[in-house]
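Notes to accompany the following structure.
The values are calculated or read from the model by the stated rules, or taken from the named source; none is laboratory data. Quantities reported herein were computed from a predicted structural model and do not represent experimental measurements. Note that each Cβ is placed from the backbone with ideal geometry, even for glycine, and that neighbours are counted across all protein chains shown. For the accessible areas, the whole protein counts, side chains as well, though only heavy atoms, and no ligand, DNA or RNA atoms are used. Shrake-Rupley method; radii C 1.70, N 1.55, O 1.52, S 1.80 Å.
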Amino acid sequence: WRSWLQPMRDVHLKSEVNYDQPTGNTAYIFGAAAVALIILVIAAINYMNLATARATRRARSVAFRKILGANRLSLGLQFLGEALLFSLVALTLAVIIVQLALRFTPLNTLLDGKVGLDLMAEPQLLLWLGAAAVGVGLLSGLYPAFYLSSWAPLTALTGKQVTGGKGSLRLRETLVLVQFTISAAAIACTLLMMAQMHYVSSRPLGFEKENRLMVSLRGAGTIEKLAEIRNALLADSRVQGVAVAAQTPDRGDRAGITIVQTENNEGAMQQQLFNILQLGEDYEKVMGLKIAQGRDLTSRLLTDIGSNMLVNQSLVRAMGWADPIGKRLTLGGQSGRVVGVVEDFNFKSLKYQIEPLVMVTLQNDMSQVNEINRPFQQRHLILALSGQDTAGVLEHAEKVMAEADPRHPFEYRFLDEALDSQYRAEMSLTRLIGVFAAISILIACMGLFGLAAFTTEQRTREIGTRKVLGATSWQIVGLLARRILALVVIASVLAGIGAYFAVDEWLAGFAYRAGINPLIFLLAAAVAAAVAFATVAAQSWRTASADPVRTLRHV
């Protein structure tokens, strides 16, 4: 063992001790910050896109100001100031929206905590938010300010420079490409993570988890009443079985690991490091474990009390036993023989492979426990329920426990819910990425809507001419959306590559994986393309379906 000092504030995120619970994960904090940053970048791209796209509307204003003596610096500062003003107004609206979201939406549930935004109590937070708003304003306004202030007065008056600039068009297309790459990647990551979490929640674990109630027993005095408690619980017909164990199935990662003297095929004893599970009578039946060879442990056979043991199939394979029944095991000074082999079951989270396991009879004799240690003894009851009138069963169990142990509160958990909580962080991250995908695609579409409006306005004469020559409204819409769809396809390819490596890294934390289905990338691409086309079509349909004579007359 070793000893060291650790600041109290570091325990939650930087603890190296397995039993420090609950602890957090810095990766998810940085992930949430990255999501926020990416959303801000997408919004800044929108501003840059629309500011440069609307350049022709401001060309005459810029030209006249330059003719009247305004220099490039003053014009640039004006445009930059506009961006900063928009950003500060957006910050004010954002604070209001966050306050409403925290009060009227399940945002705190998603973040698995109590999140609050009290700027009066946290003045530093206000400074950080102000700095972020200024940073976003500078990021989004710098290029438009440079671009709009760079025109020569005479060419700006004619509008030729601002309408025919291929560089500006390519920049806008590049920004659209970046937006939809991020959006499609977020959609693909969400779908892949949902597939993995569905796989985890539906994968057979090798034992029954439905209708299993776990009740804590605290103190040696309560454990000594185990037989009476068990009989009282079984008196209710809705309780179909009761077993006791030192660890519950949802805490399998805390199972003891012990050096075990194990008999090999040559009859010699050798040291091995194995997981140990201490269990009581009927544990195999209550948990629905399957015996592959031999039999289970039972107190009805005196030879099984404190001597004989069960092992799982992984241990048999690890030892290379041809016939495991009767093999000798010694652990903690206690010797016994293997009387049965259980089929492999996930006694740890699915983040771990099934490891070799020795199952021994749990000793509940408290007579040898020192007086000072008696209050700290603990056991867990596992009740197999019929599934009928669960509230009534809980009431009955609470009454039984109150009579047996009036000093401690009634503590219980349902096994299926406890197992699901093992992946709470992953589920929260999946939901967070899903929300991020929805927000990013919404913001991207808002920018695309404005860009499509500008493009449609710029090509009104062309649209009217094509309509006169016989083009249909859908052909016009397809013409306007074709280049955007090409960009979305390219973005989907780039997004698929990025999402593959990101999700593959995330899946490395699971021993059992659903895999990465390539159809999910196609689905993400189809969703992004459909949303982009619908956005462009919604904006351009009105112009495309208008009377071409009226369109040409007013151009």
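Is there any pair linking a residue in region 197-219 that is polar (S, T, N, Q) to one that is surrounded by fewer than 18 Cβ atoms within 10 Å (Cβ to Cβ), with Cβ under 6 Å and at least six apart or on different chains, and which?
Close Cβ pairs satisfying both conditions: ASN211/GLY387; SER216/GLU411.
Give me the pairs: first residue in region 21-36 and in contact (Cβ under 8 Å) with a residue 40 or more places away in the chain, second residue part of a helix (DSSP H, G or I) and open to solvent by 40 Å² or more (accessible area, probe 1.4 Å), beta-carbon distance under 7 Å, and six or more apart or on different chains, which are they?
Correct list of pairs: ASN25/ALA425; TYR28/ALA425.
Yes/no per residue for (1) at pLDDT 85 or above; (2) closer than 30 Å to GLU403 by Cα:
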position	(1), (2)
PRO249	no, yes
GLY256	no, no
LEU279	yes, yes
GLY294	yes, no
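Open to solvent by 60 Å² or more (accessible area, probe 1.4 Å), modelled with pLDDT of 85 or more and not basic (Lys, Arg): is that true of GLN272 in this structure?
No, not satisfied.
Considering only region 359-398, state which residues are outside any helix (DSSP H, G or I), over 34 Å from the mean Cα position of the chain (by Cα) and of a type in the set (Val, Ile, Thr).
Within region 359-398, VAL360, THR361, VAL369 meet the criteria.
Of everything in region 407-428 that's open to solvent by less than 30 Å² (accessible area, probe 1.4 Å) and in a helix (DSSP H, G or I), which residue is farthest from LEU485 (Cα to Cα)?
LEU415
If we scan region 483-493, do we find a residue that is open to solvent by less than 60 Å² (accessible area, probe 1.4 Å), touching a residue at least 60 places away in the same chain (Cβ under 8 Å), β-branched (Val, Ile, Thr) and under 30 Å from GLU355 (Cβ atoms)?
no
Which residues, taken from region 499-521, are closer than 18 Å to THR430 by Cβ, assigned to a helix (DSSP H, G or I) and open to solvent by 40 Å² or more (accessible area, probe 1.4 Å)?
Matches in region 499-521: TYR500, PHE501, ALA502, ASP504, GLU505, TRP506, PHE521.
Pairs under 8 Å by beta carbon, first residue over 16 Å from PRO22 (Cβ atoms) in region 103-120, partner among the polar types (S, T, N, Q) and at pLDDT 75 or above, six or more apart or different chains?
If the second residue must be among the polar types (S, T, N, Q) and at pLDDT 75 or above, the pairs left are LEU110/SER428; LEU117/GLN99.
Pull out all pairs, ordered by first then second residue, where Cβ-Cβ is under 9 Å, the residues are six or more apart or on different chains, the first lies in region 73-89 and is open to solvent by 80 Å² or more (accessible area, probe 1.4 Å), and the second is polar (S, T, N, Q).
Short answer, once both residue conditions are applied: LEU73/SER149; LEU77/SER149; PHE86/SER140.
Over 15 Å from ARG172 (Cβ atoms) and part of a helix (DSSP H, G or I): which single residue out of ARG483, ARG466 fits that description?
ARG466
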